[in-house]
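Just below is one structure, and these are the notes that go with it.
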Amino acid sequence: MTNLTDEWERDRADQDTYILAFWLGGFAFGLYCVLFLFSLRIMVQKRRVSCSWSAKVSYIATLFIFILTTVYMGLNVSRFRYAFSPEWTPDLNGKLPIYHLRDYTSTRGIAEIVIMAVLIWSGNALAILRCFIIWDRRWCIALPLITLLTFSMVSGSIVIAAFSDPATAPPHLVKLLTGIVLPVNIGVICLTTGLITFKIGLQHRDSREAGLRTHGGRGVGLLAVICIIGESAMIFTALQVAICIAFYTNNAGLKYIFNEMLVSSIGGTFALMMIRVDAAKSEGPLEFTLPHICSSPGTLPGGADSVSLSVAAGGWNRGRAATEELRSIQQAATRSATHRYC
């Protein structure tokens, strides 16, 4: 009798955790909807100006992720509504609704797992594509990332099949694959983010070594792009790290909470990047100068004659031309980084 009471108490506590996760996931989805609407406006405005193939892929992926996330939330609401409704009478022996929420062999349960996996794979694939474009389509950069993503997809598919039919794979293999897939997904997003920021950092270093400096309006410089990418991707990465820790510490409640929040964070991360870059662009243009080049002819010491003045003017014109050339190079690099990634 004591064991049954303890089990009931644990089930009750897990049920409260699932309810909390449901509302936190709903709150995260609400924030994502707001971000998506703002990013949708930006996408429509960009499409009127220009629309490259990479931009088209980004737009389609953004819409695809939002649709999948919406379907996931709809299925989740349906499962909770059924679990807490009078329809939930499995054996009429007083089982709590948590038993239905834990059951992933049902059609809706499997659909949720499949959608979550596809969302994670889509987010990683989109990040790899942008990394590939930023690195001038170098396959030596993309192939290792694609290999990791492929391994994650194959292992994840085996785990999903085992959830649907436990006879598909032994439990210890499922647990082993799950424990491997989680760090692999974290590695993919960390590597892609790191490679993208490293490449943009190289462009920034090259412009600094050329003697180019920025002043005036804040605009969207290369360092600003690095900060935006790193800070935005940190949300998605932190949630995956939290899920990994919860898995290895056998804390099913925390794992479920972070899973529910992760679903909306995938699309929210890309939408947030797009919004922040667009906001930075609208703050004002960047101005570039070469500090060591004189910006005006000035007055030559010792009473310069007309020949000396013409030489000074010629030097000033050459300095101004060099400044304009480097300015155009830096602006092109900045446009390339922001356009390719966002």
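The values are calculated or read from the model by the stated rules, or taken from the named source; none is laboratory data. Since this is a predicted model, take the numbers as computed values, not measurements. Here the Cβ positions follow ideal geometry from the backbone for every residue, glycine too, while neighbour counts run over all protein chains shown.
Residue-wise test of (1) in contact with a Ser or Thr (Cβ under 7 Å, 6 or more places away or on another chain); (2) within 25 Å of residue 272 (Cβ to Cβ); (3) not aliphatic (A, V, I, L, M).
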{"residue": "96", "(1), (2), (3)": "no, no, no"}
{"residue": "105", "(1), (2), (3)": "yes, no, yes"}
{"residue": "124", "(1), (2), (3)": "no, yes, yes"}
{"residue": "130", "(1), (2), (3)": "no, yes, yes"}
{"residue": "145", "(1), (2), (3)": "yes, yes, no"}
{"residue": "149", "(1), (2), (3)": "no, yes, no"}
{"residue": "156", "(1), (2), (3)": "no, no, yes"}
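Considering each of 61, 55, 117, 127 in turn, give the residue that is touching a Leu at 6+ places or on another chain (Cβ under 7 Å) and either assigned to a helix (DSSP H, G or I) or modelled with pLDDT under 90 (or both).
Going through 61, 55, 117, 127 in turn, just one is touching a Leu at 6+ places or on another chain (Cβ under 7 Å) and either assigned to a helix (DSSP H, G or I) or modelled with pLDDT under 90 (or both): 61.
Look at segment 158-185 and say how many of its residues are among the small types (Gly, Ala, Ser), surrounded by 15 or more Cβ atoms within 10 Å (Cβ to Cβ) and in contact (Cβ under 8 Å) with a residue 12 or more places away in the chain.
2
The rows are residues; the columns are (1) modelled with pLDDT of 80 or more; (2) closer than 28 Å to residue 15 by Cα; (3) among the basic types (Lys, Arg); (4) part of a helix (DSSP H, G or I).
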{"residue": "153", "(1), (2), (3), (4)": "yes, no, no, yes"}
{"residue": "175", "(1), (2), (3), (4)": "yes, yes, yes, yes"}
{"residue": "186", "(1), (2), (3), (4)": "yes, no, no, yes"}
{"residue": "201", "(1), (2), (3), (4)": "no, no, no, yes"}
{"residue": "245", "(1), (2), (3), (4)": "yes, yes, no, yes"}
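Looking at segment 190-212, I want the residues that are farther than 19 Å from residue 236 by Cβ and have a partner that is at pLDDT 80 or above and not hydroxyl-bearing (Ser, Thr, Tyr) with Cβ atoms under 7 Å, at least 6 apart or on another chain. Which pairs are those?
199/134; 199/135
Considering only residues that are over 28 Å from the mean Cα position of the chain (by Cα) and among the hydroxyl-bearing types (Ser, Thr, Tyr), look in segment 79-114 and name the one that is modelled with the lowest pLDDT.
Only one residue fits best here, namely 89.
Could you list, in sequence order, all residues of segment 246-262 that are surrounded by 18 or more Cβ atoms within 10 Å (Cβ to Cβ) and in contact with an Asp or Glu (Cβ under 9 Å, 6 or more places away or on another chain)?
256
Residues to consider are 120, 60, 133; find the one that is closer than 25 Å to residue 234 by Cα, within 17 Å of the chain's Cα centre (by Cα), of a type in the set (A, V, I, L, M, F, W, C) and surrounded by fewer than 16 Cβ atoms within 10 Å (Cβ to Cβ). Before the answer, list the steps.
Details: 120 fails: surrounded by fewer than 16 Cβ atoms within 10 Å (Cβ to Cβ); 133 fails: surrounded by fewer than 16 Cβ atoms within 10 Å (Cβ to Cβ).
Going through 120, 60, 133 in turn, the sole match is 60.
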